[in-house]
């Protein structure tokens, strides 16, 4: 049957769709994971190297955009070769894997805090765990529903929701990319104007509003399905690059007034009214524009055939990006351990630098270990018993 819907067949499954990796995705996703780890250690001097200290956006935008791009890059090929049903099935399977990773990470995170911090009110309040201690049964149920999340455990629930809503967007993007992107823009606008969000527990709403953040995810998918090619000439033009650089400088100057309050008086009142508040939960347009400006420079200076992508120097970072789910979870666990070390073991810049370096080394080491396991393959293969052998055994 032609078209996106393919009937179930009793024959051998079709051959897997071959997809060539774009190592730039792995590189920048790996970079985003390391930056997220550094940002999750409070008062960490090493986090001054991260994006958030010099502009409106941060590593979250990088991670979500690349996730949308990578998923469309993979499942777009699947939907073209094997139809919507197969693509949707694998997308929902991936959403289930991310959900399980979130629940496992939640349990490990709670156990880590209980083991390292005991009943310390400082850590339980900082991690938003008071309600868990008061009503563990209710809090656990709400965690299973993705409504209760300790601090730093917000990105994976967002990722789950984005994947659950991705099949119809992917279908539309493969048929009419402009309509697919327009639908995403419309949903973002409605969410912002009508204050749509999902409820959180015990109060409030999701920190990352999925109805708003889907725009960045779908934009990444749109780029993967041909949008990047259509934009390439525009993005590489001197005028766009100049505008992007100017906006990055403007954002840098504004952010410097956050770090040095004495500079805030240099921002005119009318400009402050236009700028603030810069709403991360609803993917403020200033943050989105800042990410686009960064992306324009990356497209210009990091082509797909960039020689450094094959260098041993960047290979560890690429490996981190290729195992993003596992390494993200590890980074969350290591970030709290690092926070505990810098508060209860030894304060100061030296300890902050040490835990940051050890955490990055651990994340890279685990990524390399997973890659090694993948390279050696399974040492055995389980196959169905031959029907002829089964019948002969019964005779």
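The values are calculated or read from the model by the stated rules, or taken from the named source; none is laboratory data. Values in this document were obtained by computation on a predicted structure and should not be read as measured data. In this analysis, Cβ positions are derived from the backbone assuming ideal geometry, glycine residues included, and neighbour counts consider all displayed protein chains.
Could you tell me whether residue 285 is surrounded by 14 or more Cβ atoms within 10 Å (Cβ to Cβ) and either touching a helix residue (DSSP H, G or I) at 6+ places or on another chain (Cβ under 9 Å) or on the phi < 0 side of the Ramachandran plot (or both)?
When the stated conditions are applied, residue 285 passes them.
Please pick out the residue among 185, 218 that is in contact with a helix residue (DSSP H, G or I) (Cβ under 8 Å, 6 or more places away or on another chain) and crowded, with 18+ Cβ neighbours inside 10 Å.
Every option except 218 fails the conditions.
Just a yes or no: is a residue in the range 345-361 farther than 15 Å from residue 30 by Cα, assigned to a helix (DSSP H, G or I) and within 20 Å of the chain's Cα centre (by Cα)?
no
Among the residues that make up the range 196-217, is at least one of them free of Cβ contacts under 8 Å to residues at least 24 places away in the same chain, farther than 30 Å from residue 301 by Cβ and more than 24 Å from the chain's Cα centre (by Cα)?
yes
Can you tell me which residue among 59, 88, 70, 101 is touching a residue at least 12 places away in the same chain (Cβ under 8 Å), under 14 Å from the mean Cα position of the chain (by Cα) and surrounded by fewer than 20 Cβ atoms within 10 Å (Cβ to Cβ)?
From the options 59, 88, 70, 101, the qualifying one is 101.
Return yes or no: is residue 340 in contact with a helix residue (DSSP H, G or I) (Cβ under 7 Å, 6 or more places away or on another chain), in contact (Cβ under 8 Å) with a residue 60 or more places away in the chain and either surrounded by 11 or more Cβ atoms within 10 Å (Cβ to Cβ) or at positive phi (or both)?
Yes.
Are there any helices (runs of 4 or more DSSP H) wholly within the range 218-325 with 1 or more residues that are modelled with pLDDT of 95 or more, and if so which?
238-259, 269-275, 285-301, 315-322
Suppose we keep only residues that are touching a helix residue (DSSP H, G or I) at 6+ places or on another chain (Cβ under 8 Å) and surrounded by fewer than 21 Cβ atoms within 10 Å (Cβ to Cβ) within the range 141-151. Which one would you say is modelled with the highest pLDDT?
My answer is 144.
Please report, ordered by residue number, the helices (runs of 4 or more DSSP H) entirely within the range 63-163 with at least 3 residues that are closer than 30 Å to residue 50 by Cα.
Working: elements: 84-117, 121-126, 130-134, 136-144.
Ranges flagged: 84-117, 121-126.
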